[in-house]
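Colleague: Following this message is one structure expressed as structure tokens.
What follows is calculated from the coordinates using simple rules that are stated; it is not laboratory data. Quantities reported herein were computed from a predicted structural model and do not represent experimental measurements. As a convention, Cβ positions derive from the backbone with ideal geometry for all residues, glycine included, and neighbour counts pool all protein chains shown.
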Amino acid sequence: MTAALLLLDERPMHGYELITELEARSDGRWRPSPGTMYPALNRMEERGLVDVEEIDGKRQFSLTEAGRTRVAEYRDAKSDDEPAPWDDNGHGERGDLRGAMAELVGQARQIGRFGTPEQVEQAKSVLADTKRKLYAILAAEPDEPAEPGDAE
């Protein structure tokens, strides 16, 4: 996980700090789950890229010499105009879809955190409708694209 190594090159962090920092730097588009982050950190530790130290009951991760070498190799191979991992939405139509999905997730999170119960119910209804429409798109023949209203 290159993004985690790049962040650890800035300073040691514990797993939750890495998760929240990736979310902040990607403007909410990318928030790795603990179920993704901690196994990745464990693999990096097994590969000798990070050291782990227990501080105040939390496992804090820092780069080893091998980890710093990996970061340097990544930076050497990367062009100056290439985005950081947390800034990259992908390329082409699928990247555009991923970006649109990330925006949608961010908006849904905002409603979940700050919305009234009525707003949460409205959002759930919109998402259920959207899910039906997406399935209709998949069900359409490839040469006959579904219209957005077909699932209604």
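Colleague: Give me, ordered by chain and number, the residues 5 or more places off Met13 or on other chains with an amide H under 5 Å from its own placed amide H.
Modeller: Placed amide hydrogens put Phe61 under 5 Å from Met13.
Colleague: If you take the beta carbon distance between Ile111 and Ile137 as r and set R0 to 22 Å, what does 1/(1 + (r/R0)^6) give as a FRET efficiency, to the nearest 0.05?
Modeller: Working: r = 24 Å, r/R0 = 1.09.
Given R0 = 22 Å and the Cβ-Cβ separation, E is 0.35.
Colleague: Right, next: I'd like the trypsin sites (Lys or Arg not before Pro) in the range 45-75 restricted to DSSP loop residues with at most 13 other Cβ atoms within 10 Å, sorted by number. Show your work: numbers first, answer last.
Modeller: On the way: sites: Arg47, Lys58, Arg59, Arg68, Arg70, Arg75; in loops: Arg47.
Answer in residue order: Arg47.
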